[in-house]
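Peer 1: The structure that follows is given in the form of structure tokens.
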Amino acid sequence: MTVYADNAATTQMSDSVLKAMMPLLTDIYGNPSSLHSVGQIAKEHLEAARETVAECIGADPKEIYFTSGGSEADNQAIRSAAYIGARKGKKHIISSKFEHHAVLHTLDALKKEGFEVTLLDVYSNGIVKPEDVANAITDETCLVTIMTANNEIGTIQPIAEIGKICKEKGVLFHTDAVQAVGHIPVNVKDMNCDMLSVSAHKFHGPKGVGFLYARKGILLTNIIYGGAQERNKRAGTENMASIVGMAAIKDATDHLKENAEKVTAMRNRLIDGLKGIERSRINGDLEHHLPGTLNMCFEGIEGESLLLLLDAKGICASSGSACTSGSLDPSHVLLSIGVPVEIAHGSLRLSISEYNTMEQMDHIVKSVPEVVSYLRSISPVWERIKKEEK
């Protein structure tokens with residue numbers, strides 16, 4: 001049995017999306033910037049896709065800018081707000097310690113340009129406190145950027161409250177909603193956000209395409225120069241097939257409730273079956289949480305070994321730790337919520353979708369304890385932990 005439980009990394013493209021994309025790869029091949037009829041037919045499909053994604057998040061089509069994905073959308077949103085603020089003499093940005101690296105690395109680059117960055121704590125439950133945002137805002141603050149849902153531990157942030165605070169204080173608010181759209185209700189008006197980032201491959205769409213929602217009146221800064229596409233704000237001939245494929249967002253939002261119920265039931269099966277493993281912990285608040293994400297740590301083992309042995313059993317998952325340039329670095333997300341370094345190394349993220357089955361969950365519940373037990377049996381770290389326990 002093969003179980004794909006890494007949907008937070010990417011999802012399987014749906015049959016309906018592939019079907020919708022095919023004409024754009026064959027018959028409807030025109031450049032939407034061309035004035036002739038073949039180009040204008042392509043443009044009709046481009047604008048229809050813009051209307052679809054706008055409707056699904058409660059936006060106006062003119063507020064949607066297609067990008068290559070969430071990372072580009074994050075970069076453009078953050079840089080735009082930063083430079084808007086700089087023109088007014090405001091160069092302070094607020095974010096959180098467990099943002100995606102597309103946000104954190106952009107902020108690092110802006111610090112080299114003279115911007116001040118405050119990274120808020122997220123506490124053991126993995127949730128940013130709105131009052132911390134309010135207390136951090138100063139007269140110099142030009143932007144607050146807080147993700148809607150965390151990509152590793154799945155916790156959902158109080159975005160509407162944070163957005164309301166920003167609106168009251170006249171500060172632009174951006175949210176990386178890459179993990180949220182298609183899985184929980186997302187409406188830009190209800191969330192009080194000025195900008196929002198989305199990536200299609202997180203909800204059964206194609207890779208390499210996403211969009212940035214930017215409220216009317218926000219002057220975006222170009223990060224790609226060239227032609228006049230996307231209302232002069234994102235140069236380059238549009239990736240038409242993938243943009244049309246991003247209409248997968250409508251399938252996801254139309255079936256949001258039923259998918260969430262199915263996925264939550266499977267996630268709860270995982271929790272019930274795995275929470276009894278000795279010296280294990282579930283990371284993040286489970287009440288304010290994405291339906292399909294479960295992140296756990298197991299003391300005395302390494303996450304990479306766990307992944308490889310699970311893969312041998314047909315289970316595709318991911319870990320909070322990663323090998324970078326030959327050194328093992330624990331997840332910055334887990335460290336930000338207070339997980340000790342030695343425990344953070346033994347992390348496992350299981351992220352499921354409506355394509356999974358309860359039978360597959362049973363396979364995971366059977367396999368994970370077996371692998372954990374085996375790894376601990378050959379681990380000197382686990383032996384030391386047990387000695388100290390005695």
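Computed from the coordinates by the stated procedures, all read-outs in this text should not be read as laboratory data. The shown structure was predicted, so the numbers you read here are calculated from the model rather than taken from an experiment. Glycine gets a Cβ as well: all are built from the backbone with ideal geometry, and neighbour counts include every protein chain shown.
Peer 1: In whole Å, how far is the Cα centre of region 269-300 from that of region 125-163?
Peer 2: 23 Å
Peer 1: Give me the log10 of I(q) over I(0) for region 145-187 at q = 0.15 Å⁻¹, as the Debye formula computes it from C-alpha points; what are the numbers?
Peer 2: The Debye formula, applied to the Cα set alone, gives -0.36.
Peer 1: Using all alpha carbons of region 53-125, what is the percent of pairwise distances in each 5 Å bin, ordered from the shortest bin to the longest?
Peer 2: Values per bin, smallest distances first: 3, 14, 21, 21, 16, 16, 8, 1.
Peer 1: I would also like to ask the following. For the chain, what does the helix formula give at 222 nm: sum of -39500 (n - 2.57) over DSSP H segments with n ≥ 4, over the residue count, nearest 500 deg cm²/dmol?
Peer 2: -12500 deg cm²/dmol
Peer 1: If you take the beta carbon distance between Lys169 and Asn222 as r and set R0 to 30 Å, what does 1/(1 + (r/R0)^6) give as a FRET efficiency, to the nearest 0.05?
Peer 2: Between Lys169 and Asn222 the formula returns 0.60.
Peer 1: A further question follows. Find, to one decimal place in angstroms, the Kirkwood hydrodynamic radius of region 81-160, where the mean of 1/r is taken over every pair of different Cα atoms and then inverted.
Peer 2: One decimal place: 13.0 Å for the Kirkwood radius.
Peer 1: What's log10 of I(q)/I(0) for region 51-199 at q = 0.17 Å⁻¹, Debye sum over Cα points only, no solvent?
Peer 2: -0.92
Peer 1: Another question, if that's okay. Dividing the alpha-carbon Rg of region 157-249 by 2.2 N^0.38 Å yields what?
Peer 2: In units of the 2.2 N^0.38 Å rule of thumb, it is 1.17.
Peer 1: How large, in Å, is region 234-292 by the Kirkwood hydrodynamic radius built from its alpha-carbon pairs?
Peer 2: The Cα-based Kirkwood calculation yields 14.7 Å.
Peer 1: Of all the C-alpha pairs in region 200-306, what % are more than 15 Å from each other?
Peer 2: Cα-Cα pairs of region 200-306 separated by over 15 Å account for 76 percent.
Peer 1: On a 0 to 90° scale, report how tilted helix 380-389 is relative to the longest principal axis of the chain, with both axes built from alpha carbons and the result rounded to the nearest 10.
Peer 2: Rounded to the nearest ten degrees, it is 60.
Peer 1: Let me ask you something else. Give me the Kirkwood hydrodynamic radius of region 273-316, using the inverse of the mean 1/r over all pairs of distinct Cα atoms, in Å to one decimal.
Peer 2: Radius from the Kirkwood sum: 12.0 Å.
Peer 1: If I take R0 = 56 Å and measure r between the Cβ atoms of Asp362 and Asp121 in this structure, what FRET efficiency does the formula 1/(1 + (r/R0)^6) give, to the nearest 0.05?
Peer 2: 0.90
Peer 1: Which one of His288, His255, His174 has the biggest mean-square fluctuation once the chain is modelled by GNM with Cα springs under 10 Å?
Peer 2: His255
Peer 1: Further question on the same structure: With a point put 7 Å past each Cα toward its Cβ, work out how far Glu44 is from Asn135 in nm, to one decimal.
Peer 2: 5.8 nm
Peer 1: If I fit a long axis through the Cα atoms of helix 256-274 and take the longest principal axis of the Cα atoms of the chain, what angle between them do I get, 0 to 90°, rounded to 10?
Peer 2: 20 degrees
Peer 1: Can you tell me the alpha carbon radius of gyration of region 241-390 divided by the globular rule-of-thumb value 2.2 N^0.38 Å?
Peer 2: In units of the 2.2 N^0.38 Å rule of thumb, it is 1.15.
Peer 1: On a 0 to 90 degree scale, rounded to 10, what angle separates helix 303-312 from the longest Cα axis of the chain?
Peer 2: 90 degrees
Peer 1: Taking Lys250 as the anchor, which lysines have their alpha carbon closer than 17 Å to its alpha carbon, excluding any fewer than eight residues away along the same chain?
Peer 2: Here the lysines satisfying the reach criterion relative to Lys250 are Lys19, Lys202, Lys207.
Peer 1: Moving on to the next point. Just how many % of Cα pairs in the chain lie over 26 Å apart, if you round to the nearest whole percent?
Peer 2: 55 percent
Peer 1: Pick from Arg349, Arg234, Arg279 the residue whose mean-square fluctuation is largest in a GNM of the chain, springs joining Cα atoms under 10 Å.
Peer 2: Of the options given, Arg279 has the highest mean-square fluctuation.
Peer 1: Let me ask another. Show me 216-225, 263-272, 69-78 ranked by packing, highest mean number of other Cβ atoms within 10 Å first.
Peer 2: The packing order, highest mean first, is 69-78, 263-272, 216-225.
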